[in-house]
Amino acid sequence: MRPAALGLMLLAWSGFASARTPFEASCEAAARDAGATFSTRESGWRVDNTVSYRDLTRMKRPGVRNGYVLGLTRTESRVAIQVDGALLTSPDGAAECVMPRIAVTLYYQPIVVYVSREFEPDSCTYDEILAHEMRHLKSYLDYLPKVEERVRARLGGRFAGKPLYARAGESRTLLQREIDRNWMPYIKAEMGRVERLQATIDSPAEYARLSKVCQGEVQSLIGSTRRSRS
């Protein structure tokens, strides 16, 4: 998704179409500190061994009856954007400019790494499942700085050192609208791309490998628990 800038804010107010006015010069001088800052935040992670493989399967694949999930790494991405900026009004009161100061924070909700309770910690299969889930965890953690870099290149260039002009009383509203309609969806879409990376970890070959590790321990345990419920 390519953010579309609002025309009213990209261009100087129509009253400035000829020579630069003192008001425009004041806006440009004040906008030297305008721009966006970016940060990522870690919310931590934990391992949970209390959930059965049946419940993990329902958590990952609602409504699917075939197959089973022995481990699961879950979180939700979050984007926080704070918008501020000093405001100048033209001498005639007809126009204004705002010097955007935008702070973007990218983070995940605390990450939970599940290993089904049917497997004893430190057992062969438990360690295999946990190692697989650690790949998911690492993928999440490694992805945040990459998103920050992409967003910084796009959004940072949009606002760095630039005053945004509008009719009197409209500049802050238009600035917030641009953030809400253009930049927030764009950043959320960039954050969501991590799920494609997660899907590559859960390849059919990897599932097949895990089903056969530790001398068939997975198949034996799943088979025994299914028989106990029949």
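The values are calculated or read from the model by the stated rules, or taken from the named source; none is laboratory data. Remember, predicted model here, so these are calculated numbers, not experimental data. Glycine gets a Cβ as well: all are built from the backbone with ideal geometry, and neighbour counts include every protein chain shown. Quick note on the areas: whole protein, heavy atoms, side chains included, nothing else; ligands and nucleic acids left out. Shrake-Rupley method; radii C 1.70, N 1.55, O 1.52, S 1.80 Å.
Percent antiparallel among DSSP beta bridges with both residues in the chain, to the nearest 5? Could you put the intermediate results ahead of the total?
On the way: 21 of 32 bridges.
Antiparallel bridges make up about 65 percent of those DSSP assigns within the chain.
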Work out the charge dipole of the chain with +1 on the Cβ of Lys and Arg and -1 on the Cβ of Asp and Glu about the Cα centre, then indicate which of L87, F38, Y143 is farthest towards its positive end. Y143
Please report, in debye to the nearest 20, how large the charge dipole of the chain is about its Cα centre when each Lys and Arg carries +1 at its beta carbon and each Asp and Glu carries -1 there. 720 debye
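Per the Kirkwood definition applied to all pairs of different Cα atoms, how many angstroms is the hydrodynamic radius of the range 134-191?
Numbers: mean 1/r = 0.0747 Å⁻¹.
In the range 134-191 this quantity evaluates to 13.4 Å.
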Long-range amide H contacts for A86: which residues qualify at under 5 Å (H placed 1.01 Å from N, peptide plane, sequence gap of 5 or more or a different chain)? M99
Long-range amide H partners of A166 with built H, under 5 Å: E96
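Kirkwood-based Rg over Rh for the range 61-130 (C-alpha set), two decimals?
Numbers: Rg = 25.2 Å, Rh = 17.3 Å.
Value, to two decimals: 1.45.
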Using +1 at the Cβ of each Lys and Arg and -1 at the Cβ of each Asp and Glu in the chain, identify which of Q198, Y68, F23 lies farthest towards the dipole's positive end. Y68
Under-5 Å amide H pairs with S52, H placed in peptide plane, nonlocal only: R117
Sequence neighbours fewer than 8 away in the same chain don't count; with that in mind, list the lysines whose C-alpha is under 24 Å from K60. K138, K188, K212
Show log10 I(q)/I(0) for the range 96-159 at q = 0.23 Å⁻¹, two decimals, from a solvent-free Debye sum over equal Cα scatterers. -0.98
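For the chain, with every protein chain kept in place, what is the accessible area per residue (1.4 Å probe, Å²)?
Numbers: 12640 Å² over 230 residues.
Here the residues of the chain average 55 Å² of exposed surface.
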Applying the Karplus parametrisation 6.51 cos²θ - 1.76 cosθ + 1.60 with θ = phi - 60° to the phi angles of the range 41-52, what ³J(HN,Hα) value in whole Hz is obtained for each residue in order, glycine and proline being reported as x? 9, 8, 9, x, 8, 8, 9, 10, 10, 9, 9, 6
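Short version: what are the Cα gyration tensor semi-axes of the chain, square root of 5 times each eigenvalue, largest first, in whole Å? Don't jump to the answer; show the numbers that get you there.
Numbers: eigenvalues 589, 41, 34 Å².
Over the Cα atoms of the chain, the ellipsoid semi-axes are 54, 14, 13 Å.
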Could you derive backbone 3J(HN,Hα) for the range 87-94 from the dihedral phi with the Karplus parameters 6.51, -1.76 and 1.60 (θ = phi - 60°), listing whole Hz in sequence and x where the residue is Gly or Pro? 10, 10, 10, 5, x, 8, x, 8
Rounded percent of accessible protein surface that carbon and sulfur make up, the chain, 1.4 Å probe: 50 percent
